[in-house]
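The values are calculated or read from the model by the stated rules, or taken from the named source; none is laboratory data. All values reported here derive from a predicted model rather than from experimental measurement. Cβ placement follows ideal geometry from the backbone for every residue including glycine, while neighbour counts extend to all protein chains displayed.
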Amino acid sequence: MTVEAVETGGSRPVVENRRTSPVWCHTEWDPLEEVIVGIVDEAHFPPWHAALPPVLPADQHDTFRRDAGKPFPPEAVAAANQELDEFVHILESEGVTVRRPEPIPQNVPYRTLDWSSTGMYAAMPRDVLLVVGDEIIECPTAWRSRYYETLAYRPLLKEYFRGGARWSAGPKPELKDEQYDSTWADPGEDGPRRLVVTEFEPTFDAADFTRCGRDIIAQMSNVTNAFGIEWLSRHLGDDYRIHVFEFDDAHPMHIDATLVPMAPGKVLINPERVRRVPDLFKGWDVIHAPKPIIPDSHPLYMTSKWINMNILMLDEERVVVERQDEPMISLLKNFGFTPIPCNFRNFNSFGGSFHCATLDVRRRGALRSYF
């Protein structure tokens with residue numbers, strides 16, 4: 001892709017795209033033009049493994065042990081599929097091009113030299129793929145059940161590459177036993193943070209990063225280690241600055257239910273996890289997310305109720321939000337946003353919401369600094 005540097009009076013030039021690229025994204029809020037929406041077809045419980053207890057809700061451990069390798073309840077899959085169809089319809093009605101991955105068998109055993117597993121799903125492209133500029137990066141995920149998940153997106157990756165996008169992949173991890181802390185024990189909500197992934201080799205999920213132009217916010221978590229963050233920093237080069245923050249989360253996995261930049265100068269935070277807003281956001285409007293209202297009776301297999309923060313910005317004003325989350329809808333309206341309600345609570349059961357379920361492939365905008 002051809003680019004042009006435009007001087008703006010700042011310390012670094014703004015990089016504009018001279019020719020349309022199939023992949024082009026620098027922020028979480030530039031106008032969305034094309035997006036990948038995940039699927040729950042073939043969704044299976046992952047085999048039980050040491051990487052699961054640190055992040056699963058405590059009341060789901062027995063379920064995952066009992067149903068390891070089995071399909072998710074068919075009624076849950078059907079309900080989530082119905083909501084995904086509604087979501088796709090809304091996006092297309094708002095002028096966004098929607099692409100979908102190809103279903104792949106998730107119950108077929110595979111093995112490396114050291115271990116064997118089956119898959120999980122292709123529901124959360126935000127976890128396994130990272131778009132920065134005109135590049136799409138396959139992530140070296142820490143869950144063995146996600147080892148081949150990007151194969152569901154391979155036809156799209158080849159298409160984007162042939163259209164001029166850059167396509168790369170992090171080092172494919174071996175995921176040997178040395179990758180995990182075999183002595184891990186739950187520190188409790190008030191205990192010291194303890195992560196299950198070691199620094200044996202680089203691993204990271206894309207959902208532990210959030211983009212603000214030249215500045216990328218990151219956290220270490222139970223799937224993202226310092227080795228992985230360092231690999232990504234070197235890979236992206238001097239055009240980007242990765243800022244690593246630690247939040248008050250005893251079971252961290254993915255940053256997009258903790259700190260969500262919504263527009264230049266506006267950031268949504270989890271008031272229980274972000275006790276002190278990073279100095280980087282000094283001068284920004286800080287929006288405290290309302291307490292989640294998901295009822296206790298609703299199953300959440302792989303996430304906390306704070307998944308209500310997992311919104312998707314279509315631009316600096318329009319934002320997709322769960323239809324039943326009236327406190328969030330009211331809050332966003334009060335801060336000048338235009339909420340677009342969509343039923344998604346049944347999809348929430350699978351471990352994510354609108355941000356997790358999508359990969360913004362192309363947003364109209366330039367590479368610039370916001371801090």
Report every pair of residues separated by at least 6 positions or lying on different chains whose Cβ atoms are under 9 Å apart, first residue within the range 32-48 and in contact (Cβ under 8 Å) with a residue 12 or more places away in the chain, second crowded, with 21+ Cβ neighbours inside 10 Å and of a type in the set (Asp, Glu).
32/360; 33/360; 34/360; 35/360; 36/360
As an exercise: evaluate residue 185 against (1) under 19 Å from the mean Cα position of the chain (by Cα); (2) assigned to a loop (DSSP other than H, G, I, E, B) and give the number of the one condition it does not meet.
(1)
Can you tell me which residues in the range 252-269 are buried (at least 21 other Cβ atoms within 10 Å of the Cβ) and assigned to a loop (DSSP other than H, G, I, E, B)?
252, 253, 254, 255, 256, 257, 258
Here's a check for you: in the range 119-162, which residue that is in contact with a Ser or Thr (Cβ under 8 Å, 6 or more places away or on another chain) and among the polar types (S, T, N, Q) is surrounded by the most Cβ atoms within 10 Å (Cβ to Cβ)?
141
Would you point out which residue out of 165, 152, 207 is modelled with pLDDT of 95 or more and out of contact with any Pro (no Cβ under 7 Å at 6 or more places or on another chain)?
207
Checking residue 205 against (1) among the charged types (D, E, K, R); (2) surrounded by fewer than 21 Cβ atoms within 10 Å (Cβ to Cβ); (3) touching a residue at least 12 places away in the same chain (Cβ under 8 Å): exactly one of these is not met. Which one?
(2)
Listed by range, strands (runs of 3 or more DSSP E) wholly within the range 285-371 having at least 1 residues that are in contact with an Asp or Glu (Cβ under 9 Å, 6 or more places away or on another chain) and modelled with pLDDT of 95 or more are 318-322, 338-342, 358-363
Can you name every residue in the range 316-339 that is buried (at least 20 other Cβ atoms within 10 Å of the Cβ), among the aliphatic types (A, V, I, L, M) and farther than 19 Å from residue 264 by Cβ?
320, 321, 328
In the range 18-40, which residues are surrounded by fewer than 21 Cβ atoms within 10 Å (Cβ to Cβ), modelled with pLDDT of 95 or more and farther than 27 Å from residue 121 by Cβ?
31
